[in-house]
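Asks: Please read through the structure below; I'll follow up with questions.
The values are calculated or read from the model by the stated rules, or taken from the named source; none is laboratory data. All values reported here derive from a predicted model rather than from experimental measurement. Every residue, glycine among them, receives a Cβ derived from its backbone with ideal geometry; neighbour counts consider all protein chains shown. All accessible areas refer to the heavy atoms of the entire protein, side chains included, with ligands and DNA or RNA removed. Shrake-Rupley method; radii C 1.70, N 1.55, O 1.52, S 1.80 Å.
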Amino acid sequence: EKRIKTLTDESGEVRIHQITDAIEELVGLSTIEQLIVYFAGHGVNNRGESWLLSRAPANPNEAVNVEGSLLLARYCGISHVVCISDACRTAAEGIQAQHVTGSEIFPNDLGAEEKPVDALFACARGKPSLEVRNPVESAGVFSALYTDELIACLKGERPDMLEYLQEGDSSVAVARAWKLAD
């Protein structure tokens, strides 16, 4: 599917150009009404928040500059952008990590009309995102609590988080960003 882009480090590195290329392609379709950018991984707060990609912090540009990306997302031409972050928002530790600057992932086209952007974070600024060791799996396998809850909501396993809309003769479950924020 042209409209779904999955970038994961399960089979190799995730690089900043892969993310910017994927978003540029989706923005270029001119038919996308809502874009959801989901990140689960390491994050730091260093002169702003960054999501660390495979080569960070050794390469200070191989990270996503979250604040800069949210600003540019408002002007990308998509009616509604949602960024979901399951990453720590703690201070960078060590000189190397303190120099991570990251890159913006949205095109720099401030000529478009400003549109809404929602940002959902797994934790408060300055806090770690929580993981628990999976007791069933082998040692070293962790489960991200925020991601697990988000998936449960999106699968309909948390009906209190869903809103039901009528579409013709049937009802459609919708997960609204503002409800998922909590």
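Asks: Quickly run through the stretch 14-44 and pick out the residues that are open to solvent by less than 90 Å² (accessible area, probe 1.4 Å), more than 24 Å from Ile151 (Cβ to Cβ) and not in a helix (DSSP H, G or I).
Replies: If the condition is that a residue be open to solvent by less than 90 Å² (accessible area, probe 1.4 Å), more than 24 Å from Ile151 (Cβ to Cβ) and not in a helix (DSSP H, G or I), then Arg15, Thr31, Val44 are the ones that fit.
Asks: Looking at (1) surrounded by fewer than 17 Cβ atoms within 10 Å (Cβ to Cβ); (2) out of contact with any Asp or Glu (no Cβ under 6 Å at 6 or more places or on another chain); (3) over 21 Å from Asp148 (Cβ atoms), which is the only condition Arg55 fails?
Replies: Answer for Arg55: the failing condition is (2).
Asks: Please enumerate the residues belonging to the stretch 169-182 that are touching a residue at least 60 places away in the same chain (Cβ under 8 Å) and surrounded by fewer than 11 Cβ atoms within 10 Å (Cβ to Cβ). Walk me through how you get there before you give the answer.
Replies: First, the residues of the stretch 169-182 that are touching a residue at least 60 places away in the same chain (Cβ under 8 Å): 177-178, 180-181.
The one that is touching a residue at least 60 places away in the same chain (Cβ under 8 Å) and surrounded by fewer than 11 Cβ atoms within 10 Å (Cβ to Cβ): Trp178.
Asks: Could you say whether any residue in the stretch 29-38 is of a type outside the set (Phe, Trp, Tyr) and on the phi > 0 side of the Ramachandran plot? It would help to see each step written out before you state the result.
Replies: First, the residues of the stretch 29-38 that are of a type outside the set (Phe, Trp, Tyr): 29-37.
Still in the list and also on the phi > 0 side of the Ramachandran plot: 30.
Yes, the stretch 29-38 contains at least one residue that is of a type outside the set (Phe, Trp, Tyr) and on the phi > 0 side of the Ramachandran plot.
Asks: Sticking with this structure for a sec: Do we have Glu67 as open to solvent by 10 Å² or more (accessible area, probe 1.4 Å), farther than 14 Å from Glu24 by Cβ and without any contact (Cβ under 8 Å) to a residue 40 or more places away in the chain here?
Replies: Details: open to solvent by 10 Å² or more (accessible area, probe 1.4 Å): yes; farther than 14 Å from Glu24 by Cβ: yes; without any contact (Cβ under 8 Å) to a residue 40 or more places away in the chain: yes.
It is true that Glu67 is open to solvent by 10 Å² or more (accessible area, probe 1.4 Å), farther than 14 Å from Glu24 by Cβ and without any contact (Cβ under 8 Å) to a residue 40 or more places away in the chain.
Asks: Of the conditions (1) buried (at least 18 other Cβ atoms within 10 Å of the Cβ); (2) at pLDDT below 90; (3) among the charged types (D, E, K, R), Arg3 fails just one. Which one is it?
Replies: Result: Arg3 fails condition (1) only.
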